[in-house]
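Right, one structure below, let's go through it.
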Amino acid sequence: MKKKIGKALVVGAGIAGIRSALDLAETGYGVVLIDKAEHIGGVLSQLDYQFPTNHCGMCRMLPLVERDAGSQFCLRKGLFHENIEILLGTRVTAIAGEPGRFTVNLRTRPTWVDPRRCTGCGACVPMCPVEVPDAFNAGLGRRKAIYLPVPHQVPNAYTIDPAACTRCGACVEACPCGAITLSTAERKDFRILVVDDEAIVRQSLQSWLEDEGFAVDGAASGPEALAALEKIEYRLMLSDIKMTGMDGVELLRQAKTLRPDLAVVLMTAYATVETAVEAMKLGAMDYLIKPFDPDTLIPMVARVHEELLAANDRQVEVGAIVLAGGTDYFDPHQQAVNPYGYGRIPAVVTSLEFERIVSGSGPSAGRLVRPHDGRPIRKIAWLQCVGSRDIQCGADFCSSICCMYAVKEAMLAKERGGGDLQAAIFYMDMRCFGKSFQRYRDRAETEGVRFERGRIHSVIPAPDSGDPALRFVAVDGTVREETFDLVVLAVGQRPARGTAELARMADLPLNPWGFLATSPLSAVRTERPGIVAGGSFAGLRDIGESVIFASAASAEAARVLHGAGGSLAAAESEATEYRDVSRQPPRVLVAVCTCGDRILPQSERRQWIGRLKRDPVVQETIFIDRICTAEGWQTLADAVTARQPNRVLIGACHPYVFTRRLRELGRLTKLHPALMDVVDLLGPRMAVTAENVDPAGASDDLPRRLAMAAARLQGTCRPQVEAMPVSRRALVVGGGIAGMTAALSIADCGYPVDLVETGDRLGGNLQWIGQTLDGHDLRRLLEETAARVGKHPKITIHTNTRVRGAFGEVGHFYSTLEGADGGVQTLEHAAAVLATGGGEAVTTAYGFGTHPAIFTQKGFQEALDAGRLAPAALNTVVMIQCVGSREEPRNFCSRVCCPTAIKQALALKKDNPEATVVVLYRDMMTYGFAETYFTRARREGVVFVAYRLEDKPKVAVAGPERPVTVTVTDPVLGRPLTVDADAVVLATGIAPGLPADLAAAYGAVLDQDGFLTEAESKWRPVDSLREGIFACGLALGPRNVEESIATAAAAAQRALRILEHERLPAAHLTAVVRHSLCARCGRCIEACPYEARRLDEELDRVLVNPAMCQGCGACEAVCPNGAAVLNGLSMPQMFGMLDQALG
Amino acid sequence: MALAEETAIELGTMPEAAEALAEIRAMVQPCIQCGTCTGSCPNEFAMDLTPRHMWRLVLLGRTEDVLASRTFSLCSACYMCTLRCPRGLPLTEAIGRLKQLAAPRHLPHLRSGDLFYRNFIDSVRRHGRVREMEFMSLYFAQMMNPWLPLRYAGMGMRLMRRGKVALQLPSRGSGRLAKLFEKVAEMENRP
């Protein structure tokens, strides 16, 4: 029988990878999460602040339903979930197999530092003689060859940079834990062959590599190289591509037949990079672009050396693969010309470097000073579109994120630097197309951030001070010069390094922009079922969108896993019958790990026992050597069984890794895991500097900490909360493409879905849109999706039906549906997805309704499709963007209108090339790959005129038979331009269709524009504030079809998390009510941020839904009577801990 | 499409020019009016329209406005704008085409530049190299401005003192480049 695999591989542990992994783990699948870096978090580990809050908040992504399965821990520091295995420093080297059964080869880089032994004490750092630029601080600081990849990571193990390390061995001697073993592989045994027909290149490479201790030979031609390869066993060949006679590619081919294991790196000129990329398909390992210097060459060779000698390969079998490799950032050095002087003028930095400058963990500890001379920064300029929207550097796309992060950085700088700090953003179009972005941008302008429209072409050092000086054309056409303290280049995104390699291994194509190609209209599915793209790996997305696309990817992966018969990860077999200890006086067994003699020398044990004995609840203190080993753990289990304590306190290291082991211990000893606790005895040394790492110095503190934990444990009782049963059905409200997709995603995983639509047929806006900007047929999508929905055995469709009312909580909502005939039925369901969609906003602006030639975008499309308008008869068409949008009261960007205008303009130009099409816009929001079509529209001769909000276009109507006259001020010419138009098309934007009473019935909240308010716009973008209620598509915010489909899959994934449970288990840390003390004042109900509390009027009691309670303690803080108690963190426990801390 | 508050020539007085302009317009159509060209231009201070302004007029098909300006005639073909244009447009080449478009029209405001170029190249054609004194003499003569030579007198003196130019009388010349010019003209006229 085929073995069932309920496991997925997630490649990339950035924010999207974490989201995907958590999604799948929460749904019950096993996950292997890998990242090639030595830390999780991707680029977000370097970005401390996110708008619109200018804070972090990543922890909101942590599981809400089965909280105890993972550690509730800052996600910037680490991720711990019992279904997730994390492999860092690991990459994929081969993918084979079919959906449901892939075999993936993973290669982990040797770290030389054993993370289980390293305590992060840092004693090795002062010993290390090598200093290199610090990648974590974007090169602004320096670090040693042995370093912490991220200073706040947990567990905080050091790692060695093999490229920088000289193998002097100083760290090995310094390490008190014996955690470091340097590679014994000798470089002189690693023979390298350098092939180049230029003697000078051969000689310099030879001397560089020999200086590093490698054994190197040279060959002047292909045949000479082949002859050498026959004689000597080379491990690596560096070959030029362009050589007379046999070229590098041919040499590669022949050398590979001769020695299949030979690693080959090709050296290429800039012009033949494509050849080199092609050659990688033939088996080349990598390529170097000439000219290069030793700093590029040596790390690469060192990497190849390490990888070949110490490759630690492992094969995993998984049912689905999520590729969430993220993106990289444009390197301004790479620009063919480097007009911004990056690297030459020290006060020109990239946006990532600026993030480090304002970061508290950055090189200046968050003070706004210039990194190179320490001078305070008072005047900053942001230059947009560096490496974006620039065909000259291969970017016919908009990076989508830079406008907003520049605004955020400017706001942060203003916040830090005070009111007189000057911040200016030089932009071409300010692309604030996200839901709350326009208002955030407006706020920045009110707070004094200067927005200057114009592209800066170059930065030169001012002759007197050397500060960066900009020369630019202002909107009025005058050329101005201005000097700044700091110039920040808002660098755009690029496909992640290694994208092409990964795509090749997965046998998937890339799209024209170099990102992974996905299936039309899906953005997560690829050509190969079972391999999906998450986050920004297949496109240009910000955090919130990446999280949505990550969840959409996990929904697709879950579907494949389910379809392949992948069972869920082994569930806890049967409920353990725990000992009832509630009537016993607390007896705490303290087990201290001595970790050799490292934590606790023999001599001090007596002292510790004495200190802990002061608290009579401590039954006994025992010492176990290395509790983390199997023997150590068995010793502990035996001790618990023998002594029968009713509380267990463990003093060890890395407490967050104990979650699963405590459950095991509970099963073995019949003691509930809530009655056990682990104290970190090594953790605080993270903050201790390397100079005072004397274990004895801190030892006074350690028994006290144990005593505090014992005091807390004393008051802990076994949680008396029952798991809530789940009625495992879902309700989807709205039968547009989002609703249908959500219903299918849930139903495909085997759960029944009720799909409610007010209209008489499914389809929503897809009925009129026709096709997307990139030419995908939406009618076919609609037909196919509607057919699948109609045929699906798990989906019940209710057309002509409204949701009349609803009540209930996550796990069991009750919704009342009313059909067209007035018939009413009530459904019970665990979760609801609101996909109520939206429509085109109505308007009376620009003479709409007074002349037959004035249309909205939808009306124009319908008129063309119905043949009421003939493109040939339209000689002049004027399109006006942002009608009633991006200004109060509808101060948001609908993000679909600019691409729609371009789509319609291109279609017109195709049917009638002579037609004049004029688009009047404020900022063209052609974000992402839509930029390509913007370029195309210009190339086709569409005229774009930017207008300002204070000077809107004017539409004059003379009579129904006369053309409409539009007048607008051309900003470049500074003169009014009049156009007599045969048709005027108004982009009125999107109006949401989510009725307030429906949202209120489910406890969801609408924002001021009528869209659903997310629980958190970045970290929980499809959740409502109420657990169990999700939203997708236009109900959530303006989105195009592809994005709406992704939100639908993401919402379905969030619902599946709940549906996968028969019962919703409550976490240990859950609030309860002492009804005898409760005065029913209701303050706790207002204070609860998770709406987990309600007043039951029949029982006259405040009830807590244990599945919704997240254990935050807000209720305990507001309760005047001490009736709200957080199990495990009650007031007596806190006082007990304080007593012990001070005693 | 029309520009309001119009003071220049009416639209459509030079239809054949409008057609020629369409080709130039096609070269610069992807322009996003970012102004990089203006910011990069070393001669911008002397121009009546900034390069961005001029390209905008080209895009709007305003042939007369473009030809009425001196902007394109002041381009010294340094290629800075072409190098920096984020759209990668062949701006310098397009300016060259504008100059070609304007030359046969003998536009009065471009007369000085026209004559300068023409006499320069005629000198090359005749002698196989530039004979500075002859070329300048003919230029002054054609400009018919008695004060003009005075403006160049200082520079001429300095150049003569250093032996860079010598007094020369116009002559038919002995250069053999005429054939080359004829050949090129023949090739360019070829369909």
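Taken together, the values in this text are just the output of simple stated rules run on the coordinates, not laboratory data. Since the model is a prediction, treat every value here as computed from it, not as a measurement. Neighbour counts run over all protein chains shown; Cβ positions are idealised from the backbone, glycine included.
Some observations on this one:
- For segment A:1063-1122, applying the loop criterion from DSSP together with a ceiling of 12 other beta carbons within 10 Å to the GluC sites (Glu not before Pro) yields A:Glu1097, A:Glu1098.
- Cβ-based charge dipole, segment A:187-296, positive-most Cα from A:Ala276, A:Leu258, A:Leu209: A:Leu258
- Integer Hz, Karplus 6.51/-1.76/1.60 couplings in order for segment A:743-751, x for Gly and Pro: 4, 5, 4, 6, 5, 5, 8, x, 10
- Mean Cα-pair separation over length for chain A, i.e. relative contact order, pairs under 8 Å, 6 or more apart, %: 11
- Dipole magnitude of segment A:1070-1126, debye to nearest 20 (Cβ charges: Lys/Arg +1, Asp/Glu -1, about Cα centre): 160
- Each of A:Tyr1090, A:Cys1109, A:Val1125 was placed along the dipole of segment A:1070-1126 (beta-carbon charges, centred on the mean Cα), and the one lying farthest toward the positive end is A:Val1125.
- In this simple spin-label approximation, B:Met143 and B:Leu169 carry label points 7 Å from Cα along the Cα→Cβ vector, and these lie 2.4 nm apart.
- Distance-filtered residues of segment B:144-184 - backbone nitrogen under 15 Å, label point 7 angstrom along B:Asn43 Cα→Cβ: none
- Simple spin-label estimate for A:Asp638 and A:Asp197 in nanometres, 7 Å along Cα-Cβ: 7.5
- Three-way shape label, chain B, alpha-carbon gyration tensor, a/c 1.5: prolate
- Coil-residue GluC sites (Glu not before Pro) of segment A:845-942, DSSP, other Cβ within 10 Å capped at 12: A:Glu914
- Phi angles across segment A:956-961 convert, under the Karplus curve 6.51 cos²θ - 1.76 cosθ + 1.60 with θ = phi - 60°, into 3J(HN,Hα) values of 10, 10, 8, x, x, 8 Hz, Gly and Pro given as x.
- On full extension, the segment bounded by A:Phe1135 and A:Arg614 gains 185.9 nm, given 0.36 nm per residue less the C-alpha separation.
- Distant-in-sequence amide H partners of A:Ile880 (H built 1.01 Å from N, under 5 Å): A:Leu920, A:Val985, A:Leu986, A:Ala987
- Residues A:Lys256, A:Lys903, A:Lys231, sorted so that the one with the fewest Cβ neighbours within 10 Å comes first: A:Lys231, A:Lys256, A:Lys903
- Qualifying trypsin sites (Lys or Arg not before Pro) for segment A:1058-1111 [loop in DSSP, other Cβ within 10 Å: at most 16]: A:Arg1074, A:Arg1080
- Selection among B:Leu107, B:Tyr117, B:Ser171 by position relative to the dipole of chain B gives B:Ser171 as farthest towards the positive end (Cβ unit charges, Cα centre).
- Per-residue HN-Hα couplings for segment A:290-300 [Karplus 6.51, -1.76, 1.60; θ = phi - 60°; Hz; x = Gly/Pro]: 6, x, 10, 10, x, 5, 8, 5, 4, x, 5
- Calculated log₁₀ intensity ratio I(q)/I(0) where the Debye formula runs over C-alpha points of the protein assembly as shown, q = 0.08 Å⁻¹: -1.11
- All-pairs alpha carbon distance profile, segment A:365-512, 5 Å steps from 0, percent: 2, 9, 16, 18, 18, 15, 9, 6, 4, 3, 1, 0
- Exercise: per-residue mean of other protein chain Cβ atoms within 10 Å, A:443-456: 2
- Full extension of the chain between A:Glu415 and A:Val130 gives 98.9 nm of extra length, using 0.36 nm per residue less the Cα-Cα distance.
- Other-chain or far-sequence residues with amide H under 5 Å of A:Met267's (modelled H): A:Ser239, A:Asp240, A:Ile241, A:Leu288
- For segment A:728-810, the normalised intensity computed at q = 0.13, 0.14, 0.21, 0.22 Å⁻¹ comes to -0.42, -0.48, -0.94, -1.01 (log10 of I(q)/I(0), Debye sum over alpha carbons, equal scatterers, no solvent).
- Residues of segment A:1056-1080 with amide N under 17 Å of a point placed 7 Å along Cα→Cβ from A:Cys717: A:1068-1078
- Distance cut-off 22 Å, percentage of C-alpha pairs in segment B:15-105 lying past it: 15
- Under a 5 Å amide H cut-off, with hydrogens placed 1.01 Å from N, A:Leu1006 pairs with A:Thr1013 among residues at least 5 apart or on other chains.
- A Cβ-based charge dipole, computed about the Cα centre of the protein assembly as shown with Lys and Arg at +1 and Asp and Glu at -1, lands at about 1340 debye.
- Each label was represented as a point 7 Å from its Cα along the Cα-to-Cβ direction; for A:Arg579 and B:Leu177 these points are 10.8 nm apart.
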